Structure formats: C-alpha cells, structure tokens
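Please read the structure below before turning to the comments.
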Amino acid sequence: LINLKINNMPISVKKGTKILQAAQMLHIDIPHLCYHPDQRIKARCRICSVEVVGQRRLLAACSTECWEGMEVFTDTKVVRDTQRGILQLIMADHEENCLTCPRNGNCVLQQLCSRFNVLRPNIPHVGQHIEKRGANPSLVHDPEKCVKCGRCIRACKEIQGIEVLGFAGRSTNIHVTTPFDAEFDNTKCVLCGQCSLACPVGALVEKDDTDRVLDAIFDPNKTVIVQTAPSVRIALGDEFGMPKGSIVTKKMVTALRMIGFDKVFDTNYGADLTITEEANELIERIKSGKKMPMATSCCPGWVNYMEKHYPDLLDHLSTTKSPMQIFSAITKTHYAKQENLDPKNIFTVAIMPCIAKKYEITRPEMAHDGRPDTDAVLTTRELIKLIKYIGIDFENLPESEFDNPMGTATGAAAIFGATGGVMEAALRTTYEWLTGEEMKNVEYTPVRGFDGIKEAQINIGDKTINIAVAHTLNNAKILMDKLRAGECKYDFIEVMACPGGCLGGGGQPIGTTMEVNKKRMESIYQIDKNTKYRKSHENPYLKQLYKDFLEKPGSEIAHKLLHTHYQA
Ligand code: HC0
Ligand code: SF4
Ligand code: SF4
C-alpha cells in the first residue's frame, strides 16, 4: 500500500492507483473531461490538473500514479485558475446554444462551467463554422460542440476497432471527422453509437425521433404500438436516481401508457420467436452441413460490420430477422388482422438501447407491402426525454403489466440483452428439439460473463457442437479472421457489437460504463430466473401463433415474414 495525503486528508491506496481514483475514495470529484473509466488514459484536456508538493508544474490527476508520501492539493488558487482558464479556452471554441442542445442538462462541459462559475466568456470566440453531419438514420455529429477530448475516437478504435473517427486540422481548426469528411453510412462506420455514449457533450448524439412518435400518438387515425427491448428495463431507472441495474419493467409499462401508446408490448416476445426460427435454422444447417458455422444476426451493428468488413462471409449470418423486426412483421400482419386494424393505420415504435436499430428499420428488405415493418426506433435516452417531457414522476409510478398476446415472453428472451444470452437461449431450444429430451438445468454458464471471447463445446444427443460468443467488434474481428482463414472449428457463433451486449448499447443512458453494465447483467439473469417459462418454445402465446398463423418454424409464411438476406 502507498500512503499519501490529498487536501491534508491521509489515504492508503494500492500501487498503480491514479490521483483521480484516490481522490474519489475520499469523496472528492476532481473534474475531468477526456478521462473515461473504460478507455486508455490520454491526459489531453488537463482539466484534472492538481498541485503536488515539490513539483514545479501541475500534474494531471487522471494519469499520475500516487507515490509514497505524496501531498496533493486539488483546490488551490493556481489549480482553480488553471481549471477556469481551460474552460474559458474551450468555451472560446464552443457553439454556445445550450438551451437548444440535445445534451442540455446532461452535459459535462455545462456542469463544469456551472461548478467553476465560468458564466461569461472572457476570450474572443475563435471557433470556425463546421457543418453538422447527419444525413443518415442514426447519428448526428456537430463538430462545433466538440471539446476535442477524443473519447469518441477512442471508443470507435478501442471497442470496435473501426477507427472511422480521427482528428484533422491544426490549432483552432482542429476537429474530429471521418475519412474524407464522408457521411457515416458511407464510411466503415457500423452506426453502433458507442461514440455517442462516450461523448461528454452534445457533439455526437442519436437522431432524435421523439417528435415523429409524438405526432403519430396525437394522430387520431393511428394505432400506435410500442415494444421494448430486453435491455431498456434494466437501464431506464439510472436517469431517475434509482440504483444502477434496477429492474423497472412494470413502471416502464405504466409510463408508456401515460405517454399515450395504444398497446404496450414486449420485444422479448419477438425474441422467443427469433429463437424458434433460429434454432430450427441451426438444426437444418447442422444436418445439411451447409453454410456452417451459423452466426447470429440480431445485432444490426454486427450485421453492418459483416456487410462492410467481411462481405465474403455473409452466408454465415442466420437469415432469421431480429426480434424487433420479427415483432413488427407479426404486428402488421397477423395481429392487425386479428384486431381488425388496417396495417396502414398502425404505427410501430421500438424502444431500443441501440442506435444501429434506427438504421435497421430503413433497410428496404425490412418492409412489407411497401411499408416498413417498424416505423420508428427510440433509444433508451429518447424514452427518458419523453418521460421528462410529459412530466412523469417515474420513480414513484405504480406498476402495470404488458398487454397481450405480445407481452408475454420467456426467461430465454430476457437474457438476449447480455452477451452470450442469444446463444444460451438458442441452446435451450436446440437441445430439446434435437434430443427430444427435457433440458433440466437451463443455465448454461460457459457463455455468461464479460470475457471478450467465450468458447465452449456442448454435447447435444450424439452431436458435439462447438460454440463461440464475442462482444465488441474488436473481438468479433478475431473470430472472423479465423473463419476467413479456414481455421474456425465452430458450429454456432454469437456476436453483439456493444460491450457486454445490448445492455451496454450505444443508446443507453449517458454514464453507462462496464461497472454499470455488470449490475445490468446480474439483473437480466435475475429476470430469467423469476420468469415462469424459461425456454422460448414454451411460450404459450407463441405456440398459439404457430397454430393459428405460422404453421411451424421455417414454414413458407415464416420465411416470407421472419427471414431476410444481406447485401455486400
Ligand atoms: Fe437487443 Fe435484441 S437483444 S438486439 O441486443 O436479438 O437493441 O436489448 O432488442 O431486436 O430481443 C437491442 C437489446 C434487442 C433485438 C432482442 C436481439
Ligand atoms: Fe465508430 Fe460506432 Fe461511432 Fe461509427 S457509430 S463512428 S463505428 S463508434
Ligand atoms: Fe445495437 Fe445491441 Fe448491437 Fe449494440 S449490441 S449495436 S445495442 S443491437
């Protein structure tokens, strides 16, 4: 242990601890902008400068390790003047229209200016006008709001290995951009939104679709149907002061009804349907030996990645659509007929932890009779905005249940939100269908947890199935390079683009970190444990759906509505 003092308070820390963390242990928040707990430390912004006795210059608290006998001061006049000076410099290059900024009220720069009383710029404005980028369904980039912390660049590189963002220009013209300033969807970007989750200000945000959804809600001719992804219910509470990982499913349902949705359904029902179709597809592929290994395809960030980076391997992707799209396809066909609704007048909304899902719904193959299956995707962050807009006291809401038939789902669907979950859910059904025996212990732990790549062998009847699970595209790349080189022994691969799976999605509340994701993962497995049915094929409403409409997994009608293809 190393002994030091911060603001005259003694503390002992492990070797290697940085001043920033040591101060946190003493409940002192040293301001920081470019520092992010899950990223490599760059010490670019210097807002975390502190005074250390015996040192001639200020040191960056984020990158300086504590040493024995160190004496740190975080709030001397020179420290405060430095912090305010840095903020003044940032503000001289920052478009100051906080009131209309999407991050108003949730912006690190705004919080710091308020905390350090930097209320009026004292340096002339030097920022240059740079056009916004946003002609794509998912992401808006406003370089004039950028603080040059580099967190988006590191997210893209360190999580996804894509490196589509980088610095260009010099001096007052330095800015973050894409290769040749291209629009995101014309680059290697997969629209995962991890950059927007890492951004401390309003420079990178999701495309805001809240007004489009409200317009539909206020249109008397429209029946507006909402579905909510597995990972929203364990993250939404964050923003309302509830402990991280709180399971708020039933409050969320109440809030959605108050916002004005006509029916509140569950994407998890779609996830059960994805599993029955995908398990059937896997069994067919195993039996025929064709297009093996099969890879999951429910994550649109991952699908974009395959199309842009491994177009030669597209055959490996399962043709089963994602739960969101399967759900909407059923809504606008079978459900519409059952309820005597004209599909023209149905507006389907999906609440997702994801930004790439906004792109997924615009794919031409995700439409039926010229109408998109899903009309709008809102991120968890946009749902938070709507809840606040209506003025709902979320924490104290009474609880209520999803509507049926599409509000009932199994525990297998719940775990889709965590890396390894789709694999585990698929194995529960594949096992029973291949062997005809009951799977007694449904919890398949080798695919659980946050290891980057998880591999296992599972014996199903007389077959041995090799599986691999990866999260983040940096890890997916390792698997795909092996596959391309013909060195891959797997039968079934699951990939989710975001860290931890959808629970760490690019559309989740600001402040999402791996530490938070761990709590979300525990909650997801808790939901599975507490659900009556735990295997997708046991969902009673799904059995009814196959009986009334889809006939059997992989039927002609199932193929028409629930399967898709990919394009290089
Ligand atoms: Fe996911 Fe999904 S689990 S992609 O991660 O498969 O976004 O939460 O909704 O569609 O179910 C996201 C989360 C979903 C879908 C499901 C899948
Ligand atoms: Fe990179 Fe994802 Fe952001 Fe695209 S959306 S720039 S891939 S982090
Ligand atoms: Fe979207 Fe989930 Fe894929 Fe992230 S992991 S891109 S949140 S579907």
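The values are calculated or read from the model by the stated rules, or taken from the named source; none is laboratory data. This one's a predicted model, so the numbers in the text were calculated from it and none came from an experiment. When we count neighbours, we look across all protein chains shown, and the Cβ atoms used for this are built from the backbone with ideal geometry, even at glycine.
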> Just checking, which of Leu542, Leu503 is within 15 Å of ligand 3 (Cβ to nearest atom) and at pLDDT 95 or above?
Replying inline: Leu503
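Report, by residue number, each residue of the stretch 88-112 that is outside any loop (DSSP other than H, G, I, E, B) and either of a type in the set (S, T, N, Q) or modelled with pLDDT of 95 or more (or both).
Answer for the stretch 88-112, where residues must be outside any loop (DSSP other than H, G, I, E, B) and either of a type in the set (S, T, N, Q) or modelled with pLDDT of 95 or more (or both): Gln88, Thr100, Val108, Leu109, Gln110, Gln111, Leu112.
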> Residues in the stretch 369-392: is at least one among the aromatic types (Phe, Trp, Tyr) and either over 25 Å from Ser536 (Cα atoms) or surrounded by fewer than 16 Cβ atoms within 10 Å (Cβ to Cβ) (or both)?
Replying inline: yes
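When the residues of the stretch 258-290 are filtered to those that are among the basic types (Lys, Arg) and crowded, with 16+ Cβ neighbours inside 10 Å, which remaining residue is modelled with the lowest pLDDT?
Taking the candidates together, the pick is Arg285.
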>> Taking the conditions exactly as written (on the phi > 0 side of the Ramachandran plot, away from ligand 1 (no atom under 14 Å from the Cβ), in the same structural domain as Lys519 (by TED's automatic domain parsing) and in contact with a helix residue (DSSP H, G or I) (Cβ under 8 Å, 6 or more places away or on another chain)), does Lys291 satisfy them or not?
In response: yes
> Do any residues in the stretch 344-358 that are in contact (Cβ under 8 Å) with a residue 12 or more places away in the chain have Cβ atoms under 6 Å from those of residues that are assigned to a strand (DSSP E or B) and not β-branched (Val, Ile, Thr), where the two are at least six apart or on different chains, and which pairs are they?
Replying inline: Val349/Ala376; Ala350/Gln227; Ile351/Leu378; Ile355/Glu206
> Can you pull out the helices (runs of 4 or more DSSP H) entirely within the stretch 129-221 that have at least 2 residues that are more than 16 Å from ligand 3 (Cβ to nearest atom)?
Replying inline: 151-154, 210-217
>> Can you tell me which residue is surrounded by the fewest Cβ atoms within 10 Å (Cβ to Cβ) among those in the stretch 408-440 that are out of contact with any Pro (no Cβ under 6 Å at 6 or more places or on another chain) and of a type in the set (Phe, Trp, Tyr)?
In response: Trp433
> Considering only the stretch 494-517, how many residues are over 22 Å from Ile387 (Cβ atoms) and more than 16 Å from ligand 1 (Cβ to nearest atom)?
Replying inline: 3
> What tally of residues in the stretch 484-507 results from selecting those that are away from ligand 2 (no atom under 14 Å from the Cβ), in contact (Cβ under 8 Å) with a residue 40 or more places away in the chain and not charged (D, E, K, R)?
Replying inline: 9
> Of the residues in the stretch 432-483, how many are of a type in the set (Val, Ile, Thr), without any contact (Cβ under 8 Å) to a residue 60 or more places away in the chain and under 22 Å from Pro499 (Cα atoms)?
Replying inline: 6
> Yes or no: Ala476 more than 15 Å from the chain's Cα centre (by Cα), within 16 Å of ligand 2 (Cβ to nearest atom) and of a type in the set (A, V, I, L, M)?
Replying inline: yes
> Within the stretch 117-125, is even one residue of a type in the set (Val, Ile, Thr) and buried (at least 19 other Cβ atoms within 10 Å of the Cβ)?
Replying inline: yes
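Residues checked against (1) more than 16 Å from ligand 1 (Cβ to nearest atom); (2) at positive phi; (3) not assigned by TED's automatic domain parsing to the domain that holds Leu99:
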site	(1), (2), (3)
Asp181	yes, yes, no
Asp185	yes, no, no
Cys192	no, no, no
Cys195	yes, no, no
Pro200	yes, no, no
Asn221	yes, no, yes
Ile234	no, no, yes
Asp238	no, no, yes
>> Please verify whether Arg534 is surrounded by 15 or more Cβ atoms within 10 Å (Cβ to Cβ), within 13 Å of ligand 1 (Cβ to nearest atom) and modelled with pLDDT of 95 or more, treating the condition exactly as stated.
In response: no
> Can you tell me which residues in the stretch 333-372 are charged (D, E, K, R) and either more than 30 Å from Ala568 (Cβ to Cβ) or away from ligand 3 (no atom under 16 Å from the Cβ) (or both)?
Replying inline: Lys337, Glu339, Asp342, Lys344, Glu365, Asp369, Arg371
>> If I filter the stretch 29-48 down to residues being buried (at least 23 other Cβ atoms within 10 Å of the Cβ) and without any contact (Cβ under 8 Å) to a residue 60 or more places away in the chain, which single residue comes out as farthest from Phe167 (Cα to Cα)?
In response: Ile30
